[in-house]
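In what follows, a structure is listed as structure tokens, so that the remarks can point back to it.
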Amino acid sequence: MLIGEVARRSGVSARMLRHYERLGLVRPTGRTGSGYREYSEENIRRVFHIESLRSLGLSLHEVGRALDDPGFAPARLVDDLVRRTRERIAAETELLTRLRRIDASEPAGWEDVLRTVALLRGLGSASPGARQRAALSTAGDVPVPAEALVEAVLAEPDPIVAGAVRWALARAGGDVPALLAEGLGSPVAAVRERAVLSLVEIPGEGATALLREALDHPDAVVRGHAAPALGARGVAEAVPALLDLVVAERNDSDAADALGVLAADPGLAEEIAAGLAGRLARAVTEPSVRRRLAQALAEIPGPTASRALADLAGDEDRAVALTAAYVLTLRHPPSSVAGPATEPDCPGPGVRKNFPGSVTPSSRGPSVR
């Protein structure tokens, strides 16, 4: 069979068949009297074998080894091909992602493209300083792909860099909350926490809606960040979760501050005070819980809170009693009540840093009278 017929039957060009011959992969069985190459059926089968192995990603050198070395073991080569293919797919996926993000930034010219590429490289740098500078550079005119910032913040282990990326993300615009929603469902606890911390800093109804959903999240850390943020936004349904945080000593200072913000609504103040008093009734044997509840009551106006504090002023635990008594002196100054009221001489253990001696009314909560 002449080379033209082999090319037609195999789909391999005559030029490539000559190249195979030069490499020693396929040797014609002979030549005609006119000098044309002749190929046997065995030659054709070998051409098909070569093409099959090339389709798996083998180089021509590897193909030759596979066909000619009787001791050649294919398993190791196949494993290597799997590894190389995965690396190639990862590289192509990374390139596709970068191109999509550049396209999403709607560059007006090549300068915009180059700036966006530099930003993406910075966010993916191994250097924390470079990642931070990249995040802070978004304050300029560089188009910022929100998807890239979300990916960066969910993967960022450095708390300082993460803060810079969250700042950039809050300014990025677009539907950032929807991009962060996937992070809340991550199987990795650290990713879930990074997602909720990012949502806390993003204004708007989209973020608030996701934080509301996070109140029922199975991860206590997620709930612990979502509830104070919702309280600061005036979302009343966060009250039960905030009360639980005070009792559990998870973000309890932020939770108490958020309760103070919500208590500015007279309709909520008594509900919050009643909730704190109810938690007190269940915390009889836990002085540390009673101290935290007394501190939280400092932010809440109204008679229910005052009565609860009066009861705590006689608590058997000295730290609890001192805290409650001091809060009462702020609510009812000595000049307005019968009998002297003395300020406690020292705070008890676990008392918040402004209890007593430097307590000031919360700037976000109601005035303490």
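The values are calculated or read from the model by the stated rules, or taken from the named source; none is laboratory data. Note that the coordinates shown come from a computational prediction; the quantities given were computed from them, not determined experimentally. Note that each Cβ is placed from the backbone with ideal geometry, even for glycine, and that neighbours are counted across all protein chains shown.
Brief remarks follow.
- Cβ-Cβ under 7 Å pairs, at least 6 apart or on other chains, the range 105-121 side surrounded by fewer than 14 Cβ atoms within 10 Å (Cβ to Cβ), far side modelled with pLDDT under 70 and assigned to a loop (DSSP other than H, G, I, E, B): Glu106/Pro143
- Ala152 being in a loop (DSSP other than H, G, I, E, B) and either surrounded by 19 or more Cβ atoms within 10 Å (Cβ to Cβ) or in contact with a Ser or Thr (Cβ under 8 Å, 6 or more places away or on another chain) (or both): no
- Checking each residue in the range 120-142 for being aliphatic (A, V, I, L, M) and either at pLDDT 80 or above or not in a helix (DSSP H, G or I) (or both) picks out Leu120, Leu123, Ala126, Ala130, Ala134, Ala135, Leu136, Val142.
- Qualifying residues in the range 240-283 (those that are assigned by TED's automatic domain parsing to the domain that holds Pro301 and of a type in the set (Lys, Arg)) - the one nearest to the chain's Cα centre (by Cα): Arg279
- Any hit, the range 213-233, residues being surrounded by fewer than 24 Cβ atoms within 10 Å (Cβ to Cβ), of a type outside the set (A, V, I, L, M) and closer than 26 Å to Asp311 by Cβ: no
- All of (1) in contact with a helix residue (DSSP H, G or I) (Cβ under 6 Å, 6 or more places away or on another chain); (2) surrounded by 16 or more Cβ atoms within 10 Å (Cβ to Cβ) hold for Ala170 with one exception: (1).
- Residues within the range 168-216 that are part of a loop (DSSP other than H, G, I, E, B), over 17 Å from the mean Cα position of the chain (by Cα) and without any contact (Cβ under 8 Å) to a residue 24 or more places away in the chain, tallied: 1
- So Arg223, is it assigned to a helix (DSSP H, G or I), out of contact with any Lys or Arg (no Cβ under 8 Å at 6 or more places or on another chain), without any contact (Cβ under 8 Å) to a residue 40 or more places away in the chain and within 19 Å of Val246 (Cβ to Cβ): yes
- Of all the numbered requirements in (1) in a helix (DSSP H, G or I); (2) crowded, with 17+ Cβ neighbours inside 10 Å, Glu299 misses one, and that requirement is (1).
- Some residue of the range 271-278 being farther than 18 Å from Ala241 by Cβ and either in contact with a Pro (Cβ under 7 Å, 6 or more places away or on another chain) or not in a loop (DSSP other than H, G, I, E, B) (or both): no
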